[in-house]
1. Would you mind stating whether B:Ala157 is in contact with a Leu (Cβ under 8 Å, 6 or more places away or on another chain), touching a residue at least 60 places away in the same chain (Cβ under 8 Å) and within 9 Å of another protein chain (Cβ to nearest Cβ)?
2. Which is more than 26 Å from A:Phe110 (Cβ to Cβ), touching a residue at least 12 places away in the same chain (Cβ under 8 Å), touching a Ser or Thr at 6+ places or on another chain (Cβ under 8 Å) and within 7 Å of another protein chain (Cβ to nearest Cβ), of B:Ile33, B:Ile52?
3. Please specify each residue of the stretch A:21-38 satisfying the condition of being surrounded by fewer than 19 Cβ atoms within 10 Å (Cβ to Cβ) and in contact (Cβ under 8 Å) with a residue 40 or more places away in the chain.
4. Would you check if there is a residue in the stretch B:218-234 being more than 12 Å from chain A (Cβ to nearest Cβ), part of a helix (DSSP H, G or I) and either among the β-branched types (Val, Ile, Thr) or surrounded by 15 or more Cβ atoms within 10 Å (Cβ to Cβ) (or both)?
5. From the residues in the stretch A:268-277 that are surrounded by fewer than 18 Cβ atoms within 10 Å (Cβ to Cβ) and in a helix (DSSP H, G or I), which one is modelled with the highest pLDDT?
6. Looking at the stretch A:123-145, which of the residues that are touching a residue at least 40 places away in the same chain (Cβ under 8 Å) and facing another protein chain (nearest Cβ under 10 Å) is nearest to the chain's Cα centre (by Cα)?
7. Scan (1) within 30 Å of B:Gly134 (Cα to Cα); (2) assigned to a helix (DSSP H, G or I); (3) free of Cβ contacts under 8 Å to residues at least 40 places away in the same chain for the single condition A:Ser246 breaks and write down its number.
8. Would a scan of the stretch B:116-134 turn up a residue that is more than 10 Å from chain A (Cβ to nearest Cβ) and either modelled with pLDDT of 90 or more or touching a strand residue (DSSP E or B) at 6+ places or on another chain (Cβ under 7 Å) (or both)?
Amino acid sequence: MRKKKIPFIEQLGVHIILFAAFLIMAIPFFWMVSTSFKNPDEIYIFPPRWVPHRPTFDNYIELFKTVDFGRPLLNTIIVAVTSTFLSVMLSAMAGYGFAKFRFRGKEKLFLLVLATLMVPGQMTLIPVYLILNSLNLLNTYAGLILPGVASAFGIFFMRQFITSIPDELIDAAKMDGAREFFIFLKIILPLSKPALATLTIFNFVGAWNSFLWPLIVATDEKMYTLPVAISVVQGQYGEKIALQMSGSFIVIIPIIIVFFFAQKYIIKGLSMSGMKF
Amino acid sequence: MKTRLSAILIFLGPALFIMTVFIIIPIALSLLISVTDFNVYAIFDWRNAKFIGFQNFINLFSDEIFWKALFNTFYALVVAMPLTIIFSLLFALLLNRGATYLKSFFRLSLYLPSITNTVAIAVVWAWLLNPRYGLLNWFLGLFGIAGQNWLSDPKWAMPSIIALVVWKAIGPNMLLFLAGLQNIPDFLYEAAELDGANRWKQFLHITVPSLRPQLLFVSVMLVIGYLQLFEEPYMLTKGGPLNSTMSIVLYLYRQGFYQFNFGYASAVAVVLFGIILALTAIQMRLRKYQE
């Protein structure tokens, strides 16, 4: 950055504004956690109490016992993990194909894949619902997972990365008689680790937070994912604020944990996605 | 040397097959369904849907709630987009300039809202905006400002939703701007200073032009994203009060999955797609013009 010294008063001003922004970003989280440990008599009081005087775990117990939040939690883990794994693998394989294979029509095919990025997801909502219905896949894990696993962005992202792997490495392996599958496993995948990690994080966060699809595909209580479950809890237990807050906490906290461990991949991925232009 | 067909099929096949079944065919189907009267009777036997030409689009044209949804969505877009860009850019500039000690801490905390689940955090916002026990009205009360019925007042419901949308959108855009700012060479500013340009002039003539690629990318993505506004109004207001927060996608969802008017809902989807295409094309054209 610039070498010139920044005057103290300006430094102070910058910090005050940033600290105010921090408060605005952090208070909803703090308020959610604080409320989730409160008894009803500490919730409906004015002025609000920042920290519960008699913290309680009752809300969390009720959440798992009465509302049965365990099932959507399990569903979400199954769906998010499986769809992330499948999506990253399919993206890496197709990305490798588009980056290094030689065949006629490759560029056109790739353009077709990119063109689907222009189409908003809502456009396919009703047809995919009808297709899943006719395949009897509504309210199944397959129905929750499959429609999202082939992502144009993922293929594009992996292709860009794999293109930068030198052809010489691949040609040398080919001389030794290695076939595409072996090259993919032993050369492409190990060298693409940073891109794979970034895509994994992005897909996982996306799958975990996904709402509109599961809302439509999972209408049976047993197949609810966490976001659907929390929207139902809000509707059914409108008065039980603490219950809602503990539910929100359960939905939000895994992603925050993932984020803390994977910050650098997220930031790298964002700057890569900005390079598209 | 050409790649063997079997390898092409193994590596590209699975992804392209799933894309065909779940994206490409559905896009075509969506266009088809939009010119039929596809409804609940046709779900289990598609033959029950009749071709009705552009009747759905004609009906949309005189559908008051649809116009309301269009208006609301553009209202959200027109207010939320500049706010998002201004705040993201402001925080990026502040982070880039001053805060050296706590830079990563502030960066992290501004980014966090964007990865949290919209549905879950909307539940928290509803609680913060609670007219009687909510933190916001308490806070305003400290300054003697009267609290509002944020989510049940048609005047305030949309601004409340916009606040949540902007709160969530600042982080990633700020990071994009920050990356752009770090690529601007220092000598540009030094030269400008020698020429006597003040801070504001430096910002206008060096920073903004240098950030043009980021500004274009951010605005295109924001337009696409904000036109698809759904989760926030679904959770906070269900489109109410008096349809004051009904968005295009929420209306599509209502028509499709409450009333099973799939033909009509598909027409809404086609219109949304058309709007997104048109606005993106305009933005791209503007960019070429600027260069």
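1. No.
2. Just one listed residue meets the conditions, B:Ile33.
3. Scanning the stretch A:21-38 gives a single hit, A:Val33.
4. yes
5. At the first step, the residues of the stretch A:268-277 found to be surrounded by fewer than 18 Cβ atoms within 10 Å (Cβ to Cβ) are A:268, A:271-272, A:275-277.
Applying the additional criterion that residues be in a helix (DSSP H, G or I) yields A:268, A:271-272.
Values: A:Lys268: 70, A:Ser271: 64, A:Met272: 62.
Among those residues, the one meeting the criterion is A:Lys268.
6. Here the residue is A:Leu125.
7. (3)
8. Scanning the stretch B:116-134, I find at least one residue that is more than 10 Å from chain A (Cβ to nearest Cβ) and either modelled with pLDDT of 90 or more or touching a strand residue (DSSP E or B) at 6+ places or on another chain (Cβ under 7 Å) (or both), so the answer is yes.
The values are calculated or read from the model by the stated rules, or taken from the named source; none is laboratory data. In this text, all values refer to a predicted model and were calculated from it rather than measured experimentally. Cβ: placed from backbone, ideal geometry, glycine included. Neighbour counts: every protein chain shown.
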